[in-house]
Amino acid sequence: MRMTWSDVTPKPLWLNRRQLLAGAVSLAGTPALARIEAAKSAYSTDAEPNSLEDISTYNNFYEFGTGKGDPAAYAGSLTVDPWSVVIDGMVDKPGTYDLSDVVKGQPLEERIYRFRCVEAWAMVVPWIGFQLSGLLDRVGVQPGAKFVAFETLVRPEEMPGQSSPFIEWPYREGLRLDEAMHPLTILATGLYGEEMPKQNGAPIRLVVPWKYGFKSIKSIVRISLVDKMPPTTWNMLQPGEYGFYSNVNPKVDHPRWSQASERRIGAGLFGGRQDTLMFNGYEAEVASLYAGQDLAKDY
Ligand SMILES: Nc1nc2c(c(=O)[nH]1)N[C@H]1C(S)=C(S)[C@@H](COP(=O)(O)O)O[C@H]1N2
Ligand SMILES: [Mo]
């Protein structure tokens, strides 16, 4: 059954959301966004989503600066149409795919996911997206592939943060193939029933809800199937602090701070610090992926 956000949201909330959206849109400097219809997913949490304002004004997107407000202030200049994604490496159908071709035939769902940043803040986001596994199945993963590597756009003319060399651009991330194929792992093209705000990683970004937020790479232009663990941005910067796996784990602290609890953004309404859950609350779904691994070593 296909439904729009207005079908599932009580009217007063809906109106309020439209007002918030109007604010977010003028903030991003974009014209009215297209509505996205999506089925409701059984993978959604029952937790109350953060407001669109929280989700689109408190961001990490270092291509636009290191401040939480920088992405909302500067991402409006990003051209997201046309957009293409290179899919290469150990796949049967490598190529440069137009965005419309990447999403073609993939069933869109609304996935309300908990999102936990490594900096110990958290949000709940109603993403619109589809399973990465659907795309990987379509391009045909070859037998030797063991990892999936992702890269973000490099376009310093539109991404002012890229004039700083503190990150070796492009921003890179990676998943083990079984993590990439897991049904919780999605490519998101929108949130709150609308196209993705630019500051949240338009037009297409990864969302991996049991891992720290930095694994969820934004504005993806390249997806490569490889046989070796790929380099990842935060591991390249600080290997002692950020590992390849980066699973949310309250028992393994960051060397400079505890990971046992988190600050819920919008806490004025939703009530302050809360305990961080193993795998960000998705333990039942994903713990088996790491059976036999020492997660203090494979952090
Ligand atoms: N390309 C790119 N992707 C990125 C980042 C970034 O700086 N550049 N920041 C990451 C971090 S640290 C977090 S917490 C999330 C934030 O996503 P949000 O702003 O949509 O909440 O994006 C991740 N993806
Ligand atoms: Mo983060």
Quiz item: Of the residues ILE87, ILE167, which single one is in contact with a helix residue (DSSP H, G or I) (Cβ under 7 Å, 6 or more places away or on another chain), in contact (Cβ under 8 Å) with a residue 24 or more places away in the chain and in a strand (DSSP E or B)?
Solution: ILE87
Exercise. Show the residue pairs that are 6+ apart or on different chains and have beta-carbon atoms under 6 Å apart, the first residue being within the range 126-143 and on the phi < 0 side of the Ramachandran plot, the second being aromatic (Phe, Trp, Tyr) and open to solvent by 10 Å² or more (accessible area, probe 1.4 Å).
Key: PRO126/TYR192
Exercise. Can you work out which of the residues in the range 187-215 that are part of a loop (DSSP other than H, G, I, E, B) and within 19 Å of TRP83 (Cα to Cα) is farthest from ligand 2 (Cβ to nearest atom)?
Key: PRO203
Quiz item: What do you reckon, is ARG176 within 16 Å of ligand 1 (Cβ to nearest atom) and either under 18 Å from the mean Cα position of the chain (by Cα) or open to solvent by less than 10 Å² (accessible area, probe 1.4 Å) (or both)?
Solution: no
Quiz item: Could you give every pair whose Cβ atoms fall below 9 Å, whose first residue belongs to the range 110-125 and is on the phi > 0 side of the Ramachandran plot, and whose second residue is within 14 Å of ligand 2 (Cβ to nearest atom) and outside any strand (DSSP E or B), counting only separations of at least 6 or pairs across chains?
Solution: ALA120/GLN259; ALA120/THR276
Quiz prompt | the range 57-69 - residue that is within 17 Å of ILE217 (Cα to Cα) and part of a helix (DSSP H, G or I) and, of those, nearest to ligand 1 (Cβ to nearest atom) | solution = TYR62
Quiz item: From GLU241, GLU173, GLU179, which residue is in contact with a Lys or Arg (Cβ under 9 Å, 6 or more places away or on another chain), of a type outside the set (Lys, Arg) and assigned to a helix (DSSP H, G or I)?
Solution: GLU179
Quiz item: Of the residues PHE150, PHE115, which single one is within 16 Å of ligand 2 (Cβ to nearest atom), under 15 Å from ASP88 (Cα atoms) and either within 14 Å of the chain's Cα centre (by Cα) or open to solvent by less than 50 Å² (accessible area, probe 1.4 Å) (or both)?
Solution: PHE150
Self-check item: Residue match in the range 179-189 (condition: near ligand 1 (Cβ under 10 Å from one of its atoms), closer than 20 Å to ILE128 by Cβ and modelled with pLDDT of 95 or more)
Solution: yes
Quiz item: Which of the residues spanning the range 31-53 are free of Cβ contacts under 8 Å to residues at least 60 places away in the same chain, within 16 Å of ligand 1 (Cβ to nearest atom) and part of a loop (DSSP other than H, G, I, E, B)?
Solution: none
Exercise. Answer yes or no as to whether GLY243 is more than 16 Å from ligand 2 (Cβ to nearest atom), in contact with a helix residue (DSSP H, G or I) (Cβ under 7 Å, 6 or more places away or on another chain) and in contact (Cβ under 8 Å) with a residue 40 or more places away in the chain.
Key: no
Self-check item: Unique match (being out of contact with any Phe, Trp or Tyr (no Cβ under 7 Å at 6 or more places or on another chain), closer than 25 Å to SER56 by Cβ and buried (at least 20 other Cβ atoms within 10 Å of the Cβ)) among SER219, SER163
Solution: SER219
Practice problem: Name, by its number, the condition in (1) away from ligand 1 (no atom under 14 Å from the Cβ); (2) of a type outside the set (D, E, K, R); (3) modelled with pLDDT of 95 or more that does not hold for SER77. | Solution: (3)
Quiz item: Do any residues in the range 54-70 that are under 18 Å from SER164 (Cα atoms) have Cβ atoms under 6 Å from those of residues that are near ligand 1 (Cβ under 6 Å from one of its atoms), where the two are at least six apart or on different chains, and which pairs are they?
Solution: PHE61/LYS218
Quiz item: Just checking, which of VAL80, VAL91, VAL85 is under 23 Å from ARG155 (Cβ atoms), touching a strand residue (DSSP E or B) at 6+ places or on another chain (Cβ under 7 Å) and surrounded by 18 or more Cβ atoms within 10 Å (Cβ to Cβ)?
Solution: VAL85
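The values are calculated or read from the model by the stated rules, or taken from the named source; none is laboratory data. Quantities reported herein were computed from a predicted structural model and do not represent experimental measurements. Neighbour counts run over all protein chains shown; Cβ positions are idealised from the backbone, glycine included. Each accessible area value is taken on the protein alone, full model and side chains, heavy atoms only, with ligands, DNA and RNA left out. Shrake-Rupley method; radii C 1.70, N 1.55, O 1.52, S 1.80 Å.
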